[in-house]
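Down below is the structure, laid out as structure tokens.
The values are calculated or read from the model by the stated rules, or taken from the named source; none is laboratory data. None of these values were measured; they are calculated from a predicted model. Note: ideal-geometry Cβ built from the backbone for every residue, glycine included; neighbour counts use all protein chains shown. Just so you know, the surface numbers come from the protein's heavy atoms only, side chains and all, with ligands and any DNA or RNA stripped out. Shrake-Rupley method; radii C 1.70, N 1.55, O 1.52, S 1.80 Å.
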Amino acid sequence: MPEKLWHLQNCDLFARLLPEQIERLETRCRSRSFRARSPVYLPSEKADSVFLLTKGLVKVCNHTPDGKQSILAFVEPGEMFGELALFADVAREEYVEAVEPTTVVMIPADVLQNLMSQHGGVALAITKMVGLRRSRIERRLKNLLFVSNRDRLIHLLLDLAEQFGSVADDGIRLRISLAHQEIANLLGSTRETVTILLGQLRAEGFINVGRRKIVLTDPQRLSQSVQRKIPYQLLA
């Protein structure tokens, strides 16, 4: 079985499609692989494809007016990115970079648009995915404006636990590896500030921090410190 077909069949977004529909979709797609820290696409490129991540991890970024990197989102296998190509025939505004060795399936936007018009289940699944990602970004942007650096960091850790958390004996372990500078780029802060705040949270017993690894050791108390409920499934 072609690798593209296997990934399409096992993607939740296409779970309701018939085998022949997935096979037709596969004929219009192509796979590409990227080394860590290499660009998947850059700003101003034509937005004519949507990407299904099948292996690795990517980050969606833009540059601030002063040239610094701002990270909008991380995407893990099974998720799509570059989805705005479905809604507007414009150039890319953001750029996407591979965090680790990455493989994607590129789906032409017009092919996926036709599929969405013919199959309401696919359209609904993609709409939900886009809405969830946008709500995460909007929530983080609101936090940038209205809360302290410490609370912004706590909200971010809880968001990452929601998306990348795995329950372990010592708490909720983040599957994603982040350098202090990457956390700063997510927060709109500085690496030095992040290092100090992580140290404070560790001293208070909220987290354990290793080399690019973070464990939320007391997620309930951490959530209560910013008056926010964390997802029930993380406590099960």
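About its Cα centre, what dipole magnitude does the chain give when the only charges are +1 on Lys and Arg Cβ and -1 on Asp and Glu Cβ, stated in debye to the nearest 20? Computed about the Cα centre, the dipole is about 460 debye. Taken about its Cα centre, the stretch 45-177 carries a charge dipole of about 360 debye when Lys and Arg each add +1 at the Cβ and Asp and Glu each add -1 at the Cβ. Here each label is just a point 7 Å from Cα along the line to Cβ, and for Glu192 and Ala179 those points are 1.8 nm apart. One chain, two ends: Ala36 and Glu93. Fully extended at 0.36 nm per residue, the span grows by 18.4 nm beyond their Cα-Cα distance. Using Cα Rg over 2.2 N^0.38 Å as the read-out, say which of (i) 1.08; (ii) 0.94; (iii) 1.02 was calculated from these coordinates. Recomputing Cα Rg over 2.2 N^0.38 Å here picks out (i).
For the stretch 1-79 and the stretch 169-188, write down the distance between their C-alpha centroids in whole Å. Taking the Cα centre of the stretch 169-188 as reference, the centre of the stretch 1-79 is 22 Å away.
To the nearest 500 deg cm²/dmol, what mean residue ellipticity at 222 nm is calculated for the chain from DSSP H runs of n ≥ 4 alone, each contributing -39,500 (n - 2.57), summed and divided by the residues? Could you put the intermediate results ahead of the total?
Working: 8 runs with 96 residues, N = 236.
Here the helix-only value at 222 nm equals -12500 deg cm²/dmol.
Derived scalar couplings between HN and Hα for the stretch 83-98 equal 6, 5, 4, 6, 10, 7, 8, 10, 6, 5, 9, 8, 10, 10, 10, 6 Hz in order, rounded to whole Hz, by the Karplus curve 6.51 cos²θ - 1.76 cosθ + 1.60 (θ = phi - 60°), x for Gly and Pro. Set the Förster radius R0 to 25 Å, insert the Cβ-Cβ distance between Asp170 and Ile137 as r into 1/(1 + (r/R0)^6), and round the FRET efficiency to 0.05. Once rounded, the FRET efficiency stands at 0.25. Carbon-plus-sulfur accessible fraction, the stretch 28-166 (probe radius 1.4 Å, protein heavy atoms only): 52%.
Ordering Pro77, Val58, Phe34 by Cα displacement along the dipole of the stretch 23-83 toward the positive end leaves Phe34 in first place; charges were set at the Cβ atoms of Lys, Arg (+1) and Asp, Glu (-1). Our Cα-only numbers for the stretch 136-206 put the radius of gyration and Dmax at 12.0, 35 Å.
Couplings 3J(HN,Hα) for the stretch 196-202, derived from phi with the Karplus relation 6.51 cos²θ - 1.76 cosθ + 1.60 (θ = phi - 60°), are 5, 5, 4, x, 5, 5, 5 Hz, where x marks Gly and Pro. The count of lysine pairs in the chain with alpha-carbon distances below 28 Å, taking only pairs 8 or more places apart or on different chains, stands at 23.
To the nearest 20 debye, what charge dipole does the stretch 103-212 have about its Cα centre, counting +1 at the Cβ of each Lys and Arg and -1 at the Cβ of each Asp and Glu? Once rounded to the nearest 20, the dipole reads 120 debye.
Based on C-alpha pairs under 8 angstrom that are at least 6 apart in sequence, the stretch 116-186 has a relative contact order of 14 percent. The per residue volume of the convex hull around the alpha-carbon atoms of the stretch 1-118 is 97 Å³. Think of a 1.4 Å ball rolled over the protein heavy atoms: the chain then has 52 Å² of accessible area per residue.
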